[in-house]
Structure formats: structure tokens, C-alpha cells
């Protein structure tokens, strides 16, 4: 479970499918078992509130997004709206896809050295494509779905995760706020210029 405070009244919780499985949520039918979801959700909110110093008391708005082949993102926002009876709140879970199947696979790296070391390993297995961005003191490597299938990326992922992690950031965010470093053939160009 990864946690991020987005604002004084908002936080993001990212759960991989393994995280969900560890919490006893492993099938589509579980999503409709409201008592189970309520209990798991309350545990997650308590854990997140301690780690992020986020006060979950009072009314909150919960948004849940499914991120294909990654997990789910939960955005929790405190609100000023009054709720009649706090004990009888029922949570309606709207699991919808926040990421299109055409969105690239995106990985975050803490240093350019990590990206370069990965590029060396990927070039050995003939991976040359990708785009490289920097954003908020991190580096992001994007692999387009037009070139790499989900099966291929699942094959490459253990190698990639030795150097970086999947991210929930989108290509649109990186294009809007990030700095493009290499916009085409990132792996090939990293080898060319740094090795």
C-alpha cells in the first residue's frame, strides 16, 4: 500500500492487487460485500491517517478507481457536508477504469543512474523504445502499448522493478507538468549517450 497526501484535506491510497489479496479482497463478488469492504476501508484509513497525519473524523468523500494490471487508487477527501447519522453511512463503491488500455506503462525512478542501468539491461533483450520524463525530482519511463503488449510488459516488469516502480501518474500529467528528456527510443538513446 502506497500513501500520498495530496492536500490538507485529501489523500491518495494506492493498493496493488497483491495488497487487496492480503486484505481478503480477491474476487469481483467481494466488492459487493459491503461489511467486508467497510472494515477493510476503515483499517486502511486508520493506517493512512497515522502515517500521513490525516484526520479522517467527520464526513469524507471516497473515489475509487481501478488501474488495469496495477491495482486500485482510492482518493479520500474531507468535506464540510453534514451527514445525518455517521453510524449508518453506507459506502457505494464505483469501480471504474481511470486508465485507458491505450495508456502507456509508466515506471518511476529515483535517479537517472537507475534509468541508465535499466536501459543497459533492457537493451540486452532488444527493448529500445520508450519516452523519458522528469517530474518532481523523479524520472519516468513510459512504454507505449502500441509497441509493447501487456504480456510483454508483465515479462519485463520484474527486471524493471529492480530499478524502479510502477506509478499511477498518467502520460497526460507528465506531458503537462513534467519535462521531456527523451521523447522517442528512450532506451536506445540512453545507451547511445550514457554508455
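Could you please let me know if residue 154 is closer than 22 Å to residue 71 by Cβ, part of a helix (DSSP H, G or I) and at pLDDT 90 or above? Explain how you work it out, then say what you get.
Values: closer than 22 Å to residue 71 by Cβ: yes; part of a helix (DSSP H, G or I): yes; at pLDDT 90 or above: no.
So residue 154 fails the test.
Quick check on my filter: what residues within region 24-55 are at pLDDT 75 or above, touching a helix residue (DSSP H, G or I) at 6+ places or on another chain (Cβ under 9 Å) and farther than 14 Å from residue 74 by Cα?
Selection gives 54, 55.
Name the pairs: first residue in region 124-151 and assigned by TED's automatic domain parsing to the domain that holds residue 188 and touching a residue at least 60 places away in the same chain (Cβ under 8 Å), second residue crowded, with 17+ Cβ neighbours inside 10 Å and outside any loop (DSSP other than H, G, I, E, B), Cβ to Cβ under 7 Å, at least 6 apart or on different chains?
That search, which allows pairs on different chains as well, returns 127/156; 127/187; 128/187; 128/188.
Checking residue 127 against (1) in a loop (DSSP other than H, G, I, E, B); (2) over 24 Å from residue 15 (Cα atoms); (3) at pLDDT below 90: exactly one of these is not met. Which one?
Residue 127 satisfies all of (1) in a loop (DSSP other than H, G, I, E, B); (2) over 24 Å from residue 15 (Cα atoms); (3) at pLDDT below 90 except (3).
Looking at region 72-113 only, could you name the residues that are closer than 30 Å to residue 190 by Cα, buried (at least 17 other Cβ atoms within 10 Å of the Cβ) and at pLDDT 70 or above?
104, 105, 106, 107, 108, 109 - these are the residues of region 72-113 that are closer than 30 Å to residue 190 by Cα, buried (at least 17 other Cβ atoms within 10 Å of the Cβ) and at pLDDT 70 or above.
The values are calculated or read from the model by the stated rules, or taken from the named source; none is laboratory data. What you see is a predicted model, and the numbers here were worked out from it, not measured in a lab. Because the Cβ atoms are built from the backbone with ideal geometry, glycine has one as well, and the counts that use them run over all protein chains shown.
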